[in-house]
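Data block below; observations after.
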Amino acid sequence: MDIQEIIKELVNKKIIHSNTIEYKQLNGGTISNLYLLGNSDNAKYVVKLNEPQVLESEAYFLDFYKDVNLLPKLLYVGQSYNYIVYSFISGSTNYVRKNKKEILKVLVQRLINNYKTVPHSVGWGWANEPTDSWQGFLLNRVIEANKILDSHLEKDDLNFVLELVKSPNRNSFNREPFLLHGDCGVHNFIFNEGQLCGVIDPTPVFGEPLYDLIYAFCSSPDDLTKETINSAASHLIIKGNKSEQLLYEEVLIGLYLRLATCIRHHPNDLEDYLKAWNYWKNIIKDT
């Protein structure tokens, strides 16, 4: 659908005001097409176009957490989910590596602690393609990651991670899944004067809230230490029976998945991630 047609539809439906609408295409959408709309009243909106099943999941997430002020407000959903419109959060996606503890603290307090279980859930994992268990979702992700990591890690590393994933502890946290952001990394954070002020572009997952925290923790190669994750996890309300040992095991699983993403998209960070991998592997083996 053409952006000018979308603007005309939004004006006709009184979603946006007609006074001097301007638009520009935004960079950064790896799959989606994004447009920033503005008018003479300085109101700004984002129009996102993507596959209907992708936008349906995102719209569901934004509507489910419509009272969470760290997220953009869903304003309109196009017919058959051909596009969605949400409020624009002013700031920058440039992450400065200096205050990860504080950023994770804000993330936990203002987003993750607001997570709720999904009524009538159809499964676990990707919201638009769920599986039958959280363990199964993690197992699938690890096997996919191994296709990329096989030539970069030691031969025993895959078996080590698979043992952690297959542990009975992986299914002992919650009987019902929570609705998670699913792509909760620094690349989807909006900062204003170095402070976290927004989280965008969910790829919703049905799972454990800790998953999003560890995803965020592992999404940049700085401060991947026990102290940083312990500090962040101390602010979690929804913990379950996670001991320190189980928390560290979850970090190692998350780091394994992040290593594969790093090789695909951020190969310059690989050396730092490999150092973190050995650091965390030694922690698990020593405890």
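General observations
- Listed by first and then second residue, the pairs with beta-carbon distance under 6 Å, at least 6 apart or on different chains, first residue in region 44-59 and polar (S, T, N, Q), second open to solvent by less than 50 Å² (accessible area, probe 1.4 Å) and at pLDDT below 95, are N50/S32; S57/A127.
- Of residues in region 190-235 being open to solvent by less than 10 Å² (accessible area, probe 1.4 Å) and small (G, A, S), the one nearest to the chain's Cα centre (by Cα): A216
- For region 158-177, the set of residues classified as open to solvent by 30 Å² or more (accessible area, probe 1.4 Å) and basic (K, R) consists of K166, R175, listed by residue number.
- Residue check for L70: touching a Leu at 6+ places or on another chain (Cβ under 9 Å), more than 30 Å from D272 (Cα to Cα) and among the aliphatic types (A, V, I, L, M): no
- Residue in region 236-268 that is nearest to L138 (Cα to Cα), counting only those that are among the hydrophobic types (A, V, I, L, M, F, W, C) and open to solvent by less than 10 Å² (accessible area, probe 1.4 Å): I253
- Candidate set: region 105-130, residues that are open to solvent by 40 Å² or more (accessible area, probe 1.4 Å) and β-branched (V, I, T); chosen: the one nearest to Y65 (Cα to Cα): T117
- Selection count, region 50-59, where residues are surrounded by fewer than 19 Cβ atoms within 10 Å (Cβ to Cβ) and either hydroxyl-bearing (S, T, Y) or more than 19 Å from the chain's Cα centre (by Cα) (or both): 1
- From K66, K73, K155, K98, residue being in contact with a helix residue (DSSP H, G or I) (Cβ under 8 Å, 6 or more places away or on another chain), of a type in the set (K, R) and open to solvent by 30 Å² or more (accessible area, probe 1.4 Å): K73
- In this structure, A127 does satisfy being within 26 Å of L49 (Cα to Cα) and either touching a residue at least 60 places away in the same chain (Cβ under 8 Å) or within 19 Å of the chain's Cα centre (by Cα) (or both).
- Restricting N230, N268 to residues that are more than 24 Å from V106 (Cα to Cα) and at pLDDT 95 or above narrows the list to N268.
- If you go through region 261-287 and pick out every residue that is part of a helix (DSSP H, G or I) and either under 18 Å from D212 (Cβ atoms) or not hydrophobic (A, V, I, L, M, F, W, C) (or both), you end up with 16.
- Of all residues in region 178-189, at least one satisfies being closer than 25 Å to H265 by Cβ, among the charged types (D, E, K, R) and open to solvent by 30 Å² or more (accessible area, probe 1.4 Å).
- Taken over region 229-276, residues that are under 20 Å from K155 (Cβ atoms) and β-branched (V, I, T) amount to 2.
- Failed condition for I89, given (1) open to solvent by less than 50 Å² (accessible area, probe 1.4 Å); (2) in contact with a helix residue (DSSP H, G or I) (Cβ under 9 Å, 6 or more places away or on another chain); (3) hydrophobic (A, V, I, L, M, F, W, C): (2)
The values are calculated or read from the model by the stated rules, or taken from the named source; none is laboratory data. Since the structure is predicted, the reported quantities are computational estimates derived from the model, not experimental observations. Neighbour counts run over all protein chains shown; Cβ positions are idealised from the backbone, glycine included. Accessible surface areas use protein heavy atoms only, side chains included; no ligands, DNA or RNA. Shrake-Rupley method; radii C 1.70, N 1.55, O 1.52, S 1.80 Å.
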